[in-house]
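This report concerns only the one structure given below.
The values are calculated or read from the model by the stated rules, or taken from the named source; none is laboratory data. Everything quoted here is computed from the prediction, not taken from an experiment. Every residue, glycine among them, receives a Cβ derived from its backbone with ideal geometry; neighbour counts consider all protein chains shown. Just the protein is used for accessible areas: all its heavy atoms, side chains included, with ligands, DNA and RNA removed. Shrake-Rupley method; radii C 1.70, N 1.55, O 1.52, S 1.80 Å.
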Amino acid sequence: MAAANRLAGETSPYLLQHADNPVHWQPWDEAALAEARREDLPILLSIGYSACHWCHVMAHESFEDDETAALMNALFVCIKVDREERPDLDHIYQTLHQVLNREAGGWPLTTFLDPQSHLPFFSGTYFPPRPAYGRPGFPDLLRQVAAFHQQKRASIQAQEAQLQPLLRQLEATPGEPAQPDADTLERAVGELRAAYDPAHGGFSGAPKFPMPASLEFLLAAETHVAPTEPSPRTMALATLFHMACGGLFDHLGGGFCRYSTDARWRIPHFEKMLYDNGALLGLYGEAAEAGQLSLFSEVAQRTVDWVLGEMRAPGGAFCASLDADSEGGEGAYYVWDRDAVKALLDEAEFPAFAEHYGLNEEPNFEGRWHLYLSLPRNLPVPGSEDHARLESARRRLLGERRQRPAPGRDDKVLASWNGLMISGLARAGAALQDTVSLDAAAEALDFVRENLWVDGRLHATWKDGRARFNACLDDHAFLLQAALDLLESRWRDTDLDFARQLASTMLDRFAAAGGGFHFTSHDHEQLAYRPMDLQDDAMPSGNGVAARALLRLGHLCAEPAYLDAARRTLEAAWPTVTQAPAACCSLLHAALEYLHPPLTVLLRGNADDLEDWVAACRKHAETTRHYLVPPGCGESVAMLSGAGASGAPVAVVCSADRCHPPVHGLQDLVSLLDRLAAD
């Protein structure tokens, strides 16, 4: 039996929340695993995260209870894992939970492992302290699982033998490589169209998740698939509209919650995750630039305000999440009593605010009101008196809300999630011409490079001055994408150098023999198996993001190794993609850019002299990637070698297989882009 709880030395806020539990929790490390082997005790592995509501519930009910803790300590070696710090472990044991139970997992994940093989022989999620919800009480379950491990070793070994072929399959390249094809893109759009909710947007009933990878693919696919209604663009923009109007979006403070518990996006699960907001921020910024509703611009700006005001860590990187819970329970920070709102606003403000934000409807959350736009087709025009009145009321309520006990913040810095937010800030900043967002993106990328890139290796997390844990594919791929997005918005040679380092590391340490990338590096800790992640979940597939980023970097640097790695990733993944196209939208997006490579345009000169040149490129944003390279920068970029160094504006335009002669006049650039777009 472990002598004591060992979590006090950890950096994860989630693990530190459990450091005072009477359970003798240990982190996942060799000391804990060796103890389980030595004592021949099964491992009780509990995986959760700081913002998880049901993780907190199970902690209060069971892990803080002395009698339950005594059972856990006597019968198991108890290991607590933060799924955000160790996505490798979470990925593996969530997958094995699905295999054992034929149903999706979730958090908290409660899984029991053989001490020798580390394979699960029983797995579940939340368990109540007494039988309820069709689940056994946790103390009874502990006794039954421990007895099963002691008395049924042969059954456990037989189950493990049955798992071995599956583990080999999960590690392997999925089938013979195949060329990406347009038909699969069409089928993916058709699958999303069949699942699309025309009344409220999104692609399911309740619960509804944002699915930004699907939305981004649909926007990119608009001009590459047969015209059918609703079009890909219509589905994507309508979904963005309904999410922005519903309670998934925080209309007072900005930012999006993790998912909606209902089909109309009105009542969220109230935790706010950095990764959702990073991915959605770029989408809303670019949708606003394309002329789609002032609402999109407001949503993007308020999300920027939220992330810079509430999620920024010292040094400029971004914290991981905000809890769903605060004093008073889940959602208490966000909901309102109608009379309290009326007392805060003046006679002119309250009637308009109540009508606009649903206070004239029935209470929608446990007898109180969570705000949403109740008149989404009748939004006031920015600058109008009605808009000013609503803004005044919104600011007043936000000030009042900030006096409430705030949800807990998980302030660790995650490399992958920061990559998504840096991308979002860079894309939205460029689209909305917001230098504040671009400055924040650059500062965050600098922090990651200076603090999580140590001795030529990327670490997954940073907290209290410590960079920890071997970074996974997502960390590298999302940061590579972020560096490229920032280069498109604001060129810095250091970002190009970092992008090359990240790409080379992926090729050296993650590449699979048959193409694509493993989730963990070649020298990672040996675990139950080595995943290869191809389908999107709440975040985009690391392989999909890697393939698309390597295509972009390969065209920018004229580097065949990057282009070949992207091609081999798509070919290796394509058998899986063809089986479930709509589940692989990140890979489909990469395939679109592989089949229809965008033009790469390098603009060299002073930014003030190139404003109209940039605007000309942005008019062709769907088919063009452009980079504004200041004088004296970009010397290592082969495309610029013949462009001269006089300081006068010049553009170099390259397609997938050739570069055109340098262009020295704005009208010549416009004519060239128009001609190439028409080809």
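Rg/Rh for the stretch 530-679 stands at 1.04; both radii use Cα atoms, and Rh follows the Kirkwood definition.
Derived scalar couplings between HN and Hα for the stretch 353-366 equal 5, 4, 5, 6, 10, x, 6, 8, 8, 5, x, 10, 8, 6 Hz in order, rounded to whole Hz, by the Karplus curve 6.51 cos²θ - 1.76 cosθ + 1.60 (θ = phi - 60°), x for Gly and Pro.
The translational diffusion coefficient of the stretch 101-180, from Stokes-Einstein at 4 °C and 1.567 mPa s with a Kirkwood hydrodynamic radius over alpha carbon pairs, comes to 87 µm²/s.
One Cα centroid belongs to the stretch 434-473, the other to the stretch 63-84; the line between them spans 33 Å. Couplings 3J(HN,Hα) for the stretch 54-67, derived from phi with the Karplus relation 6.51 cos²θ - 1.76 cosθ + 1.60 (θ = phi - 60°), are 6, 5, 5, 4, 5, 4, 5, 6, 10, 6, 9, 8, 5, 5 Hz, where x marks Gly and Pro.
Excluding same-chain pairs closer than 8 in sequence, count the lysine pairs in the chain whose Cα atoms lie under 24 Å apart. Value for the chain: 7. How large is log10 of I(q)/I(0) for the stretch 432-504 at q = 0.18 Å⁻¹ when the intensity is taken from the Debye formula with one equal scatterer per alpha-carbon? Rounded to two decimals, the profile gives -0.69.
Centre-to-centre, using Cα atoms only, the stretch 212-272 and the stretch 22-40 are separated by 44 Å.
With both residues required to sit in the chain, DSSP beta bridges show an antiparallel share near 75%. At an R0 of 45 angstrom, the distance between the Cβ atoms of Q164 and E222 translates into a FRET efficiency of 0.50. The label-point distance for C659 and A348, in a model that sets each label 7 Å from Cα toward Cβ, rounds to 6.0 nm.
Based on DSSP H segments of at least four residues, each scored -39500 (n - 2.57), the chain has a per-residue ellipticity at 222 nm of -15000 deg cm²/dmol. Shown for the chain: cysteine residues without a partner Cβ closer than 4.7 Å, namely C78, C245, C257, C319, C472, C557, C584, C585, C617, C633.
The smallest convex shape that holds all Cα atoms of the stretch 252-328, its convex hull, gives 108 Å³ per residue. For the chain, the carbon plus sulfur part of the accessible surface works out to 49%, probe radius 1.4 Å.
Computed about its Cα centre, the charge dipole of the stretch 504-593 is approximately 140 debye, with only Lys, Arg, Asp and Glu carrying charge at their Cβ.
When you work out D = kT/(6 pi eta Rh) for the stretch 369-482 at 37 °C and 0.692 mPa s, using the Kirkwood radius from C-alpha pairs as Rh and the Stokes-Einstein form, the result is 191 µm²/s. If a spin label sat at a point 7 angstrom from the Cα of V99 along the line to its beta carbon, the backbone N atoms of the stretch 151-190 nearer than 17 Å would be those of 155-175.
Summary: within the chain, the longest segment free of GluC sites (Glu not before Pro) located in DSSP loops with at most 11 other C-beta atoms within 10 Å is 348-634.
Rg and Dmax over the alpha-carbon atoms of the stretch 10-132 stand at 13.3, 36 Å. Using the Cβ-Cβ distance between D305 and T623 with R0 set to 35 Å, the FRET efficiency works out to roughly 0.60.
Model label points for V381 and R130, set 7 angstrom from Cα along the Cα-to-Cβ axis, are 6.3 nm apart. Decide, for the stretch 522-594, between rounded, prolate and oblate: order the square roots of the alpha carbon gyration tensor eigenvalues as a ≥ b ≥ c, take rounded if a/c falls under 1.5, and otherwise choose prolate if a/b is larger than b/c, else oblate. Taking the square roots of the gyration eigenvalues as a ≥ b ≥ c, the stretch 522-594 is oblate.
Only Cα sites of the chain enter the Debye sum here, all with the same form factor; the resulting log10 I(q)/I(0) across q = 0.06, 0.11, 0.12 1/Å is -0.35, -1.19, -1.38, listed in q order. What FRET efficiency comes out for the pair A638/L507, r = Cβ-Cβ distance, R0 = 25 Å, nearest 0.05? With a Förster radius of 25 Å, E is 0.85. Comparing the stretch 431-552 with the 2.2 N^0.38 Å rule of thumb, its C-alpha radius of gyration ratio is 1.08 (two decimals). Close amide-amide hydrogen proximity is noted between H269 and R258, Y259, S260, T261, each under 5 Å apart and 5 or more residues distant or on a separate chain (H modeled in the peptide plane; Pro and chain starts excluded). For the Cα atoms of the chain, what angle does the longest principal axis make with the long axis of helix 585-595, in degrees from 0 to 90, nearest 10? Approximately 30 degrees, to the nearest 10. Per the Cα gyration tensor, the stretch 203-248 maps to an equivalent ellipsoid with semi-axes of 21, 10, 10 Å, ordered largest to smallest. Rounded to the nearest whole angstrom, the semi-axes of the ellipsoid equivalent to the stretch 592-679, taken from the Cα gyration tensor as √(5λ), stand at 20, 15, 11, largest first. Cα centroid separation, the stretch 555-597 to the stretch 362-404: 43 Å. Once a ≥ b ≥ c are taken as the square roots of the eigenvalues of the Cα gyration tensor of the stretch 88-240, is the result rounded (a/c under 1.5), prolate (a/b larger than b/c) or oblate (a/b not larger than b/c)? In terms of gyration-tensor shape, oblate.
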